[in-house]
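Please treat every number below as a calculation from the coordinates, not as lab data. None of these values were measured; they are calculated from a predicted model. Positions of Cβ are backbone-derived with ideal geometry, glycine not excepted, and every protein chain shown enters the neighbour counts.
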């Protein structure tokens, strides 16, 4: 006979530090999931076992089984836990511990925030932060070291651009790194220079390493705290699993410490930052799933080009607003193929960052060539796939390619993309529906901390092509919207599939982990503005409530 609801609440609270210990029924829910056939399935009750795996979905009027615990959800909407298919977990956490300029609206506003942060942090040897965006400021140029010197001159300052593909330093940071007018641009990088050829303060893509190599590395305790913060952010949005892109060895060790100590709550599909990390962690093959399907390293992240904002994205034709450049390729065609082949030989998945149409064409060509040698289910991933030549779009439907895309990039980048590309080269920009039309598969994410790790804002953007202000009216190239069902799948079941996690989590179906949310509205029935306001009431992972009342 079921226990009382009050007792069940006490039991679930105690379960925070340990796995669920008995069969549990969450009843009276307005449940929505993507089922094993990829269709929307609705239900009113969910049963999971002592191992935290779903055993049954119940429909209205269907007899309820006898269980140890029964909880009445009082009609709340139940959804699978959201999965972010592209984040930088530790970047989220360190973003909470350093200076955040993502809300700055002008250079003057940013400088004021930097000055205040420095004054309030007298013990920090470096002033570190991220989030600046000269396009959002309407500056029309990159900021300079001299402008930073005016507010902080006594300590080095180093600030990542919002996209992570450029950084801005003051004069002391450049001096500490030994960077001068004689320092050449590294391969795959560019130093922005003044009229005399001296470094002006901004470094693009691999040039950032010239300064970053002298920044003191975080201590293990700093990393542990940053990971705590990252999990808080992700769980606050209802994100229960992520694909961590560019996992370093130090990141992996941070995740392992959390797992060993019972502090690893989210699920992490890790993609190594390079072969040294991949081989040190995984050896000759992807790791097994650790900590009850909470951690696995199954692939590697490769960078083929930079970003639009810093004009590092590799384009087929020159930038409309800077005809002197086509971007900044980070790998040659042969290097890309060699790296992808090296990973594929040991059955590691490759996730290739490609933003510009030239970069996307190159990785598509590489996949076509390598697919002749490496058969089977490879799930080649292209991260971002922001600008694709319409002539290349059909190629995204071949060879099981995953287009790992971030809806909020479209709303944030819209005006910049128009400036960078001009009016005649936007047909293949952020082509979500086109990917599905040609038979490709979408996985949606945020690229946090570049964008907020907010799947609700992502779903709203995906179905409307409008931002939080509802602009532009009618949506930006609205023919590229996706359905509500498609957006939900891309943030749940398809995001799990993109990381070889199907059958483990991503759907509320028998046999998969009971990772679910109770929220205050149904995203399949709400307007884009209403979806953005979604309130996450409870988060359960593996049948254990990890946040909520």
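So in the range 340-437, what percent of DSSP beta bridges are antiparallel if you round to the nearest 5?
Values: 1 of 8 bridges.
Of the beta bridges lying entirely in the range 340-437, close to 10 percent run antiparallel.
The largest-to-smallest principal axis extents of the Cα set in the range 35-108 are 64, 27, 26 Å. With each label modelled as a point 7 angstrom along the Cα→C-beta vector, the residue 196-residue 263 pair spans 4.8 nm. Placing pseudo-labels 7 Å out from each Cα toward the beta carbon at residue 325 and residue 535 gives an inter-label distance of 4.6 nm. For the chain, the longest principal axis of the C-alpha atoms and the axis of helix 407-421 are separated by about 20°.
Taking the DSSP beta bridges in the chain as the whole, what percent of them are antiparallel, to the nearest 5? It would help to have the intermediate numbers written out before the result.
Values: 38 of 82 bridges.
Once the DSSP bridges in the chain are tallied, antiparallel ones form about 45 percent.
Measuring r between the beta carbons of residue 119 and residue 212 and using R0 = 35 Å, the FRET efficiency lands at 0.90.
Taking the longest Cα principal axis of the chain as reference, the axis of helix 357-370 is set at about 60 degrees.
Work out, in µm²/s and without decimals, the Stokes-Einstein translational diffusion coefficient of the range 204-267 at 4 °C, 1.567 mPa s, Rh from Kirkwood over C-alpha pairs. Spell out each step's value before the answer.
Numbers: Rh = 13.3 Å.
The calculation lands on 97 µm²/s.
Neighbour counting of Cβ atoms within 10 Å sorts the residues 480, 261, 279, fewest neighbours leading, into 261, 279, 480. Match the structure shown to one of the listed values (i) 28.2; (ii) 24.8; (iii) 26.6 of mean projected area of the Cα convex hull in nm², computed from it, and give that label. Correct label is (ii).
Using 1/(1 + (r/R0)^6) with R0 = 60 angstrom and r between the beta carbons of residue 187 and residue 232, what's the FRET efficiency to the nearest 0.05? The pair residue 187/residue 232 has a calculated efficiency of 0.95.
Taking a ≥ b ≥ c as the square roots of the eigenvalues of the Cα gyration tensor, the range 352-392 is prolate, since a/c reaches 1.5 or more and a/b is larger than b/c.
Test of understanding: ordering 471, 512, 502 by Cβ neighbours within 10 Å, fewest first, what list do you get?
471, 502, 512
Averaging Cα coordinates gives a centre for the range 455-478 and one for the range 497-549; these two points are 21 Å apart.
What shape does the range 434-484 have by the C-alpha gyration tensor, where a ≥ b ≥ c are the square roots of the eigenvalues, rounded means a/c under 1.5, and otherwise prolate means a/b greater than b/c and oblate the rest? Each step should come with its number before you reach the end.
Values: a/c = 2.30, a/b = 1.10, b/c = 2.08.
Verdict is oblate for the range 434-484.
Shape class for the range 457-549, computed from the alpha carbon gyration tensor (a ≥ b ≥ c): oblate, with a/c not under 1.5 and a/b at or below b/c.
Between residue 520 and residue 250, what's the calculated FRET efficiency when r is the beta-carbon distance and R0 is 60 Å? Round to 0.05. Please list the in-between numbers first.
Working: r = 38 Å, r/R0 = 0.64.
So the FRET efficiency works out to roughly 0.95.
Distance from the Cα centroid of the range 376-437 to that of the range 156-184 is 31 Å (rounded to whole angstrom). Look at the alpha carbon pairs under 8 Å that are at least 6 residues apart: their mean separation over the length of the chain gives a relative contact order of 17 percent. Directionally averaged projected area (the range 25-166, Cα convex hull): 14.2 nm². In the chain, helical runs assigned H by DSSP with n ≥ 4 each contribute -39500 (n - 2.57); averaged across all residues and rounded to the nearest 500, the mean residue ellipticity at 222 nm is -8500 deg cm²/dmol. Each residue in 94, 505 was given a count of other beta-carbon atoms within 10 angstrom of its own, and listing them fewest first yields 94, 505. Rounded to the nearest 5, the antiparallel percentage of DSSP beta bridges internal to the range 31-93 is 90%.
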